[in-house]
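Asker: Below: one structure in structure tokens.
The values are calculated or read from the model by the stated rules, or taken from the named source; none is laboratory data. Keep in mind that this is a model prediction, so the values were computed, not measured. Using ideal geometry, Cβ is built from the backbone for each residue, glycine included, and neighbour counts are taken over all protein chains shown. Calculation scope for accessible area: heavy atoms of the full protein, side chains included, ligands and nucleic acids excluded. Shrake-Rupley method; radii C 1.70, N 1.55, O 1.52, S 1.80 Å.
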Amino acid sequence: MNAATAPDILSPEFAEDPYSAYRVLRESHPLIWHEPTSSYVISRYRDVTRAFKEPVFTSRNYDWQLEPVHGRTILQMDGREHSTKRNLVASAFRGKDLAEKFVPVIARNSASLIEAFRTTGEVDLVAEYATRFPINVIVDMLGLPTSDHALFHRWYTAIMAFLANLAGDEEVTRAGLATKAELEEYLLPIVAERRRNPGDDLLSVLCTAEIDGVVMTEQEIKAFCSLLLVAGGETTDKAITSVMRNLVSHPDQLHAVREDRSLVPAAFAETLRLTPPVHMIMRQPAEDVELSGGTVEAGRTVTCLIGAANRDPEQYADPDTFDIHRPDLDLTRAYTAGANHTAFALGRHFCVGAMLARTELEIGISQLLDAMDDIRFADGAPPPEQGVFTRAPQSLRLTFTPTA
């Protein structure tokens, strides 16, 4: 547990190349105390999966990590309260509701963004598509005005900066808290109106859903929408960017996906493993827990390094290689709580929007490939990833031949 010789997850060197640092952490420092974040850092697949699956690991860390900017969310709930409130929202993100209500919303928003650049032969896919697409989808799913897309994009950016602010920048904190107040002032009157006059949008579903007499409070609905904005926006934004970067970097696999669109979920799952949008999630054990390298005391925060666990050679062969045909990645469960990658977390707090993300990626990537042929990096090489808490290229400049 000697942290003195371990890579520092807040250092510039780590930010530039976390994957080399992950290797050192897994091999030599599987459990270290990191003073700047007041947390234990774990990096091995078997430890990270335990932290996500075992009930002793709680999400109490979200009381200070998420609640200040979102309000109290379902991520902080346990037991019956958690299962009931999760079930109230989950139905909208899977099965019939997702297919019938929201697939047209997703397809329309993707096509609208692509239309703006499809004849140009060049695009910065981050600025012109990836950062806009999921936020626009969420706003439309909630039944909010399309004219507010830009407003929600600003709020999303401020909240995401707050959550990624591991170094504690006070100005970033202030901006995040101000955004919470703005979003609350905007959304609560709309929630009250949808309670009285529900439609068929997601916000109305949240307002009217009931299980055994239990409904969501207006504050809980607002908090869930705020969480959805970030969890659904940031992950899908970075996933689209990274999937396209990985495919363009591997022309043979790009060709395979272009010829067989049923491979898009495989490309997404392998991207979630190799270059996940979210690189770290925290947990807090209720009792002392033995992990590789020592003991984590009850009540301490544990930083689970998803990006390290997903490249653990004890779990995956040739783990630093992108391979959409990888035999040791379970594609049948890749978007479920039983996945064998850790990008969506696992167990009871598995990402409720995983199927929504998969649907967005299937539609978005397929539409992009329909519009763009002969895709290449504008600068001749893949752009570097950036970020620590979440990670992807900040810009993805591509050239392409427009299809007819």
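Asker: Cβ-Cβ distance below 8 Å, separation of 6 or more or different chains: which pairs start in the stretch 136-158 with a residue that is under 14 Å from LEU356 (Cβ atoms) and end on one that is assigned to a loop (DSSP other than H, G, I, E, B) and open to solvent by less than 30 Å² (accessible area, probe 1.4 Å)?
Answerer: Hits for this filter: MET141/ASP201; LEU142/ASP201.
Asker: Among the residues of the stretch 25-63, how many are within 20 Å of LEU346 (Cα to Cα), assigned to a strand (DSSP E or B) and of a type in the set (Val, Ile, Thr)?
Answerer: Number satisfying all stated conditions: 3.
Asker: Take the residues in the stretch 259-290 that are of a type in the set (Asp, Glu) and touching a residue at least 12 places away in the same chain (Cβ under 8 Å); name whichever of them is farthest from PRO134 (Cα to Cα).
Answerer: GLU287
Asker: Where residues in the stretch 99-119 are open to solvent by less than 10 Å² (accessible area, probe 1.4 Å) and within 13 Å of LEU356 (Cα to Cα), which of them is modelled with the highest pLDDT?
Answerer: Top of the filtered list is ILE106.
Asker: Another question, if that's okay. Of everything in the stretch 360-392, what is polar (S, T, N, Q) and modelled with pLDDT under 90? Give them in sequence order.
Answerer: THR390
Asker: In the stretch 356-404, which residues are within 13 Å of PHE117 (Cα to Cα) and either hydroxyl-bearing (Ser, Thr, Tyr) or within 16 Å of the chain's Cα centre (by Cα) (or both)?
Answerer: THR399, THR401, THR403, listed by residue number.
Asker: Taking only pairs six or more apart or across chains, which ones have beta-carbon atoms under 7 Å, a first residue in the stretch 371-399 that is free of Cβ contacts under 8 Å to residues at least 40 places away in the same chain and on the phi > 0 side of the Ramachandran plot, and a second residue that is outside any loop (DSSP other than H, G, I, E, B) and not basic (Lys, Arg)?
Answerer: Cβ pairs passing all conditions: ASP374/PHE400; ASP374/THR401.
Asker: Right, something else. Pick from the stretch 318-351 the residues that are aliphatic (A, V, I, L, M) and part of a loop (DSSP other than H, G, I, E, B): which of them is nearest to the chain's Cα centre (by Cα)?
Answerer: ALA343
Asker: Among the residues of the stretch 43-66, which ones are among the hydrophobic types (A, V, I, L, M, F, W, C), touching a Ser or Thr at 6+ places or on another chain (Cβ under 7 Å) and either farther than 26 Å from ALA223 by Cα or at pLDDT 85 or above (or both)?
Answerer: VAL48, PHE52
Asker: Let me ask you something else. Just need a number here: residues in the stretch 282-292 that are outside any loop (DSSP other than H, G, I, E, B) and open to solvent by 30 Å² or more (accessible area, probe 1.4 Å).
Answerer: Matching residues across the stretch 282-292 total 2.
Asker: Moving on to the next point. Residue under question is GLN315, and the condition is that it be open to solvent by 10 Å² or more (accessible area, probe 1.4 Å), within 23 Å of PHE344 (Cβ to Cβ) and assigned to a strand (DSSP E or B); does it hold?
Answerer: For GLN315, the condition - open to solvent by 10 Å² or more (accessible area, probe 1.4 Å), within 23 Å of PHE344 (Cβ to Cβ) and assigned to a strand (DSSP E or B) - is not met.
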